[in-house]
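Report on the following structure.
The values are calculated or read from the model by the stated rules, or taken from the named source; none is laboratory data. For clarity, every value in this text was computed on a predicted model and none was experimentally measured. Heads up, the Cβs are rebuilt from the backbone with ideal geometry, glycines too, and the neighbour counts pull from every protein chain shown. For accessibility, only protein heavy atoms count, side chains too; no ligands or nucleic acids. Shrake-Rupley method; radii C 1.70, N 1.55, O 1.52, S 1.80 Å.
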Amino acid sequence: MRVELLTIGDELLLGDTINANAAWLGQRLAENGLEVGRSVVVGDDLELIIEAVAEALNRADVVITTGGLGPTSDDLTRDALAKAAGVRLNRDPAIEARLRDHAQALGRPLQPMALRMAEVPEGARLLGNSAGSAPGLRMELNGGIVYALPGVPHEMRVITADEVVPDLRSRLTGPVPMRRILRTAGVWESVLATRLAPVEALEGVRLAYLPDPAEVKIRITATGPDAGVLLAEAEELTRDLLGTAVYGAGEDTLDRVVHRLLAERSATVAVAESLTGGLLGAELTAMPGSSATFAGGVVAYSTSLKASLLGVPSELLHRTGAVHPDVALALAAGARERLGATYGVGVTGVAGPEPQDGQPVGTVHIAVAGPGGMSVVESPLLPVRGTGETVRRLIRRMTVIYALDLLRRRILGLQATHEWPEVPGDREERP
């Protein structure tokens, strides 16, 4: 089944809103055996929307649109579908009643313009929207099917899950591709691809590498009548080849994995941050219930506060400057001791835009202090080129990932860095 996405809105073209709807739809459809062949963005222009829908239906069996179902004058998707089909828009009494009841419950008068959301092209089927006011629409057009969904993300997601995916899955014939996401940290995608050549060679298996700063997700897709068995075989081989570089699967994130490991050991962590300015603590408090394993953190940006708040020796700071592996170790030990945690993490480095203490931009030192006085330190020179705020944000984000992964490794008793049997191309590309 060929599927195309059409996201509608001037705000998407102008960059005022990030097109997260298309990304989410692509992921959810792929999880259900449906691959998106093309994704197009058009502005709030009636003729452009009609043209885009017609072009998509010339290529695809299914077109999913988002946006343009609201009450304002620039919400034109209903009008475009009606004009493309050569039918009228009719007022649906059930939707009108719902809109009036909702306004009354809020103690507000119903604005006449809101009734635009009750207009439905003849022949369209309503898709229930339990999360909002505007229903979705399902319409057969030019030999294909158009699903028109609201642009509000949580409403679009509810209708997709409740209405669109079940309808599309019922139309699939033959084996459905099966997929699995494995997550890695601290390894370049070219290194991963080199090591995973045996998996790439499996018949009926396809790998995709999805890089983020300091992380790479590996999507394994298996097809054919024995897709489930093949997927399990490919995942097992991938894990064998990558070892502890794989930190999780599916929706796992490093912070969740770290919290889970800490909880299993009734342990806690505290952080001392310079370079990252609180980003590491923010990551470790993103998960609900994180207070059970995150003790707290100190953002000691100035050199004097590193000494006064965290006990970093003044002599060390004077001798080495703030950007040094021993300073990271002292920060980690200070966070652990002064905040009463099982583990302490210390982070220092140079995010730019200028070098510091003779250290180039991208120099990072991360340390973890743990029980029994055992500590580890990692000092990656982050391979980031350029200047300005974008580079600075990237370095800080990569540092957070490296710190969480180092903590994961310390908790598990693993080596601080990935140590594998060497394969061609590995040595010169290891980050």
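Tabulated data
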read-out	value
Extension reserve of the V87-E35 stretch, reckoned as 0.36 nm per residue once the Cα distance is removed	15.7 nm
Summed residue charge, Cβ within 11 Å of L412's Cβ, Lys/Arg positive, Asp/Glu negative	+2
Evaluated at q = 0.13, 0.15, 0.17 Å⁻¹: base-10 log I(q)/I(0), Debye formula over Cα of the stretch 1-96	-0.48, -0.63, -0.80
Efficiency of FRET from Cβ geometry, I18 and L46, R₀ 25 Å, rounded to 0.05	0.50
Residue-wise HN-Hα coupling along the stretch 91-96, computed from phi with Karplus coefficients 6.51, -1.76, 1.60 (Hz; x: Gly, Pro)	6, 8, x, 5, 5, 4
The stretch 1-32 versus the stretch 50-95: alpha-carbon centroid distance in Å	16
Reference-scaled alpha-carbon Rg (2.2 N^0.38 Å with N residues) for the chain	1.21
Solvent-accessible area, 1.4 Å probe, carbon plus sulfur percent, for the chain	52
Expected 222 nm ellipticity per residue - DSSP helices of 4 or more, -39500 (n - 2.57), all of the chain, to 500	-11000 deg cm²/dmol
Stretchable slack from S302 to T244, in nm (0.36 nm times residue separation minus alpha-carbon distance)	17.3 nm
Rounded to 10°, Cα long-axis angle of helix 254-264 versus longest principal axis of the chain	60
Potential extension, E264-E200 segment - 0.36 nm per residue separation minus Cα distance	19.5 nm
Accessible area of the stretch 40-175 divided out per residue, in Å², using a probe of 1.4 angstrom	47
Burial order of peptide ranges 120-130, 167-177 (average beta-carbon count within 10 Å, highest first)	120-130, 167-177
Calculated from backbone phi, Karplus (6.51, -1.76, 1.60) coupling profile of the stretch 280-289 in Hz, x at Gly/Pro	5, x, 4, 5, 7, 10, 6, 7, x, x
Where the stretch 236-343 is the region considered: accessible area per residue in Å², 1.4 Å probe	43
Peptide ranges 200-206, 113-119 listed from the most packed, as the mean C-beta count within 10 angstrom indicates	113-119, 200-206
Hydrodynamic radius of the stretch 197-321 per Kirkwood, over alpha carbon pairs, in Å	18.0
Pairwise centroid distance, computed over Cα atoms, of the stretch 195-264 with the stretch 146-194, Å	16
